[in-house]
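J.: One structure is given below, represented as structure tokens, and several questions about it will come after.
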Amino acid sequence: TAKSTLEEGWVQLFNGVSLKGWERSTKDGFWSVGRGVLKGIASGPKPYYGYSERTNFENFHLRMKAQLNPGGGGRITFRSKDNQIATGLGVALEHKNAGELTVSAFNAKSAKKVIASKQAKIGPDHWFDLEIIANGQACEVKLDGVSVCVHTYAK
């Protein structure tokens, strides 16, 4: 029998083989799965969203391996209402400068206003471990096990 690599108490959101369990926007981009990797490509500067069908997470610890192309970026929004991007909290990842990944916490109601930001020495096209730990109004982001952004969101 195959052994699950999932640790006790953890919930797997991506199965590594299909988009089962995910909803996605149908314009301005494309989602695919290949070699165990969930890949999102946006056309132009418009965002392209994917949503987990599991929405019952209040406090959580998200772990994933991630990679961004040169000049690329991505956002993880959580605690949004009915997958509305204009609500909730979030973490943005962006390669603004070669060799530096900028990690920012934001309130989705005013997502352009960064409320905490930190740069990490991770270049584009390199895989890194990303963790987001949300507990109450506190949010911590770790890259390769190192805390790079800690913020407490105002209610």
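J.: In region 75-94, which residue that is among the charged types (D, E, K, R) and surrounded by 15 or more Cβ atoms within 10 Å (Cβ to Cβ) is modelled with the lowest pLDDT?
T.: 79
J.: Which pairs turn up if I take residues in region 7-19 that are in a loop (DSSP other than H, G, I, E, B) and look for partners that are small (Gly, Ala, Ser) and surrounded by 10 or more Cβ atoms within 10 Å (Cβ to Cβ) with beta carbon separation below 6 Å, at least 6 apart in sequence or on another chain?
T.: Within 6 Å, the pairs are 13/52; 16/36.
J.: Can you tell me how many residues in region 130-155 are among the charged types (D, E, K, R) and either open to solvent by less than 30 Å² (accessible area, probe 1.4 Å) or in contact with a Leu (Cβ under 7 Å, 6 or more places away or on another chain) (or both)?
T.: Result for region 130-155: 1.
J.: Considering each of 69, 97 in turn, give the residue that is modelled with pLDDT of 70 or more, in contact with a His (Cβ under 9 Å, 6 or more places away or on another chain), exposed (fewer than 15 other Cβ atoms within 10 Å of the Cβ) and not charged (D, E, K, R).
T.: Numbers: 97 fails: in contact with a His (Cβ under 9 Å, 6 or more places away or on another chain).
Just one listed residue meets the conditions, 69.
The values are calculated or read from the model by the stated rules, or taken from the named source; none is laboratory data. Keep in mind the model is a prediction, meaning the values are calculated, not measured. FYI the Cβ positions are ideal-geometry reconstructions off the backbone, even for glycines, and counts take in every protein chain you see. Remember, those area values only see protein heavy atoms, side chains included, never the ligands or the DNA or RNA. Shrake-Rupley method; radii C 1.70, N 1.55, O 1.52, S 1.80 Å.
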